[in-house]
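Asks: Mind having a look at this structure? Questions to follow.
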Amino acid sequence: MLNVESFSLGPLQTNAYLIYGEDKQKAIIIDPGMNPGALIKRIKDVEIEAILLTHAHFDHIGGVDEIRKLKGCPVYLHPSEAEWLTNPKLNGSLLWPNVTGPIATAEAEYDLAQGQKLKLAGHEFRVFHTPGHSPGGVSFLCGEHLFSGDCLFKMSIGRTDLPGGREADLYNSIRGTLFQFPEGTRVYPGHGPATTIGFEKQNNPYVS
């Protein structure tokens, strides 16, 4: 049983996910975005074992610094974007001054790699490298639950016009990796509502 709570954070309404173990005393967070007050309030009495990042664009890492200091938890990120956490220009926060000030935090404690298995909060998360939106983009699969970051959305796909984006890689990540999962796999994207692999294969106008 996977207990998932979602929080739409910051001006870009980035989805942060809080995933509990069975006893609800331990949890992980995927992509703590900007203005994380609601999430921080929710985890007041919860042990956070890790922060997992699907990628390191500013809207997905805005809450990392505050939460990792509050909870003393490690951060996991693909090494292709290792410097993005420390560099506001690379993570995009300097490029959007009307949205946010510069965002930076310390480097991630752990790298993520294709095929890696992480045992956290009583669950196993499988790591899939899904670049295209950004070079270090990853998706996390836990049972029949897929956290796709900004690779795949309901009826849409991630943009590829930002630094490091590549359209061919994105389509390969979706068709060659994500669409290989069972159709009943529930997809939790970086923005917007949840969906399923089957629904997107049949209805997504960009990749169906």
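Asks: Remind me, relative contact order of the chain in percent, using alpha carbon pairs under 8 angstrom and six or more residues apart?
Replies: With pairs under 8 Å counted, the relative contact order is 15 percent.
Asks: A further question follows. Using a ≥ b ≥ c from the Cα gyration tensor of the range 1-124 (square roots of the eigenvalues), is it rounded, prolate or oblate, where a/c under 1.5 gives rounded and otherwise the larger of a/b and b/c decides, a/b for prolate?
Replies: On the way: a/c = 2.00, a/b = 1.36, b/c = 1.47.
Note, shape of the range 1-124 comes out oblate.
Asks: On to the next question. Take the chain, connect every pair of alpha-carbon atoms lying under 10 Å apart with a spring to form a Gaussian network, then pick out the residue of V64, V75, V99 with the largest mean-square fluctuation.
Replies: Highest fluctuation among the options: V99.
Asks: Give me the net charge of G192's neighbourhood, meaning all other residues with Cβ under 15 Å from the Cβ of G192; Lys, Arg count +1, Asp, Glu -1.
Replies: Taking every Cβ under 15 Å from that of G192, the sum is -1.
Asks: Quick query: amide H of M34 versus all other amide H atoms, modeled in the peptide plane; which residues come in under 5 Å with a sequence gap of 5 or more or a different chain?
Replies: Here the answer is G62, G63, since their amide H atoms fall under 5 Å of that of M34.
Asks: Let me ask you something else. Restricting to the range 125-208, what percent of DSSP beta bridges are antiparallel, rounded to 5? Write down the numbers at each step before the final one.
Replies: Working: 11 of 15 bridges.
For the range 125-208, the DSSP antiparallel bridge percentage is about 75.
Asks: Just to make sure I understand: if all protein chains stay in place, what is the order of I197, I157 by accessible area at 1.4 Å, largest first? Write down the numbers at each step before the final one.
Replies: On the way: I197 0, I157 25 Å².
Largest accessible area first, the residues go I157, I197.
Asks: I've got another one for you. Report, in cubic angstrom per residue, the convex hull volume of the C-alpha atoms of the chain.
Replies: Enclosed volume per residue, from the Cα hull, is 102 Å³.
Asks: For A50, list long-range residues whose amide hydrogen, built 1.01 Å from N in the peptide plane, is under 5 Å from its own amide hydrogen.
Replies: For A50, whose amide H was placed from the backbone, the distant partners under 5 Å are I29.
Asks: Go through the range 71-84 residue by residue and turn each phi into a ³J(HN,Hα) via Karplus (6.51, -1.76, 1.60, θ = phi - 60°); whole Hz please, and just put x for glycine and proline.
Replies: Residue by residue, the range 71-84 yields 9, x, 9, x, 10, 10, 8, 5, x, 4, 10, 4, 7, 5 Hz.
Asks: Considering amide H positions built from the backbone, and no H for Pro or chain starts, which residues 5 or more places from N3, or on another chain, come under 5 Å of its amide H?
Replies: Residues meeting the amide H criterion: Y20.
Asks: Also, I was wondering about something else. Could you give each residue of the range 193-207 its phi-based ³J(HN,Hα) in whole Hz, using Karplus coefficients 6.51, -1.76, 1.60 with θ = phi - 60°, and x for Gly or Pro?
Replies: x, 6, 8, 9, 4, x, 4, 5, 4, 8, 10, 5, x, 8, 9
Asks: Ordered by packing density, taken as the mean number of other Cβ atoms within 10 Å over each peptide's residues, highest first, how do 40-50, 9-19 rank?
Replies: Working: 40-50: 15.1, 9-19: 21.2.
Output ranking for 40-50, 9-19: 9-19, 40-50.
Asks: What list of ³J(HN,Hα) couplings, whole Hz, do you get for the range 101-114 from phi and the Karplus terms 6.51, -1.76, 1.60, once you set θ to phi - 60° and write x for glycine and proline?
Replies: Calculated HN-Hα couplings, in order: x, x, 10, 8, 8, 5, 5, 5, 6, 9, 8, 10, 9, 3 Hz.
Asks: So what's the net charge close to P131: Lys and Arg +1, Asp and Glu -1, counting the other residues with Cβ under 13 Å from its Cβ?
Replies: -3
The values are calculated or read from the model by the stated rules, or taken from the named source; none is laboratory data. The structure displayed is predicted, hence computed values, not measured ones. Every residue, glycine as well, gets a Cβ built from its backbone with ideal geometry; the counts of neighbours run over all protein chains shown. We work out accessible area using only protein heavy atoms, side chains counted, and drop any ligands, DNA or RNA first. Shrake-Rupley method; radii C 1.70, N 1.55, O 1.52, S 1.80 Å.
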